[in-house]
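Here the structure comes first, spelled out in structure tokens, and everything after it is commentary.
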């Protein structure tokens with residue numbers, strides 16, 4: 001991570017032997033919301049076959065069990081990962097620390113499993129004690145600008161916001177859509193108090209390491225033997241750096257245009273893209289493959 005330029009890779013195999021644990025992002029790395037990426041799934045499965053552990057670490061606002069069901073539907077084989085940790089898991093833990101309180105859910109109905117089995121009452125914005133933001137109500141047609149009035153109303157009541165997905169945008173098929181992080185950022189810019197449950201913030205990394213240790217029988221996993229993989233500078237790269245582990249950047253739709261139509265145009269191009277990042281990634285790939 002101290003190199004002057006990131007290493008440009010075609011195959012994960014070139015790095016795999018240096019690591020015992022992969023903390024791999026999901027959306028944009030192993031699927032695009034509509035279909036799985038077979039080469040990425042194969043790469044993770046091969047890493048596991050060689051004795052490594054794969055923890056999928058995702059900013060999905062859904063609990064990890066629901067994420068697993070979603071991955072099954074997208075034909076992501078369970079052989080390519082050991083465990084899943086989601087920002088939905090962290091969100092549920094924070095909600096559990098506020099028993100009996102009333103929450104306004106800002107987000108689509110598909111994210112309601114966040115609240116399942118918890119001591120929380122869902123109410124409207126006028127009577128809530130705090131806000132749980134999991135996304136836009138309709139991310140197919142709306143943008144954060146459509147929420148200015150609502151966010152101002154929440155800010156006028158000085159409500160705390162729990163952001164269940166810090167991502168600003170993700171790819172769904174060939175389209176980029178806004179996520180909860182875009183609304184939470186706008187709310188924070190208004191002076192609102194926000195807690196981000198997922199990457200790049202540390203609770204999700206600590207939970208991931210704990211789960212990975214359990215998978216490996218409780219053995220110690222040193223930071224030097226952990227590689228995080230992701231497609232976002234804002235969440236994945238920043239979070240890995242703060243957690244003290246190496247990072248492999250996958251240039252998915254979020255940043256693919258930055259590398260030009262030919263993909264990785266060269267190390268100078270890649271270096272320029274990361275000039276505002278807190279640190280350079282260990283390596284860069286256009287798509288994850290073994």
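Only the coordinates and a few stated rules stand behind these numbers; no lab work does. Computed from a predicted structure; not experimentally measured. Cβ placement follows ideal geometry from the backbone for every residue including glycine, while neighbour counts extend to all protein chains displayed.
Quick rundown of the values:
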{"quantity": "Burial ordering of 207, 216, fewest other beta-carbon atoms within 10 Å first", "calculated": "216, 207"}
{"quantity": "Relative contact order computed over segment 90-196 (Cα-Cα under 8 Å; 6+ residues apart), in percent", "calculated": "25"}
{"quantity": "Given (i) 19.4; (ii) 19.9; (iii) 24.3, the label whose value is Kirkwood radius over Cα pairs in Å derived from this model", "calculated": "(i)"}
{"quantity": "Rg ratio (alpha-carbon, reference 2.2 N^0.38 Å) - segment 10-53", "calculated": "1.16"}
{"quantity": "Beta bridge orientation in segment 90-196: antiparallel %, DSSP, nearest 5", "calculated": "25"}
{"quantity": "Ranking of 289, 161, 190 by count of other Cβ atoms within 10 Å, fewest first", "calculated": "190, 289, 161"}
{"quantity": "Antiparallel DSSP beta bridges within the chain, percent to nearest 5", "calculated": "10"}
{"quantity": "Contact order relative to length of the chain, as percent, for alpha carbon pairs under 8 angstrom and 6 or more apart", "calculated": "25"}
{"quantity": "Cα gyration tensor category, rounded, prolate or oblate, for segment 90-196 with a/c compared to 1.5", "calculated": "oblate"}
{"quantity": "DSSP beta bridges in segment 128-242 [antiparallel fraction, %, rounded to 5]", "calculated": "35"}
{"quantity": "Per-residue Cβ neighbour rank within 10 angstrom, fewest leading, 224, 276", "calculated": "276, 224"}
{"quantity": "For the chain, calculated [θ]222 nm from helices alone, where every DSSP H run of n ≥ 4 adds -39500 (n - 2.57)", "calculated": "-8000 deg cm²/dmol"}
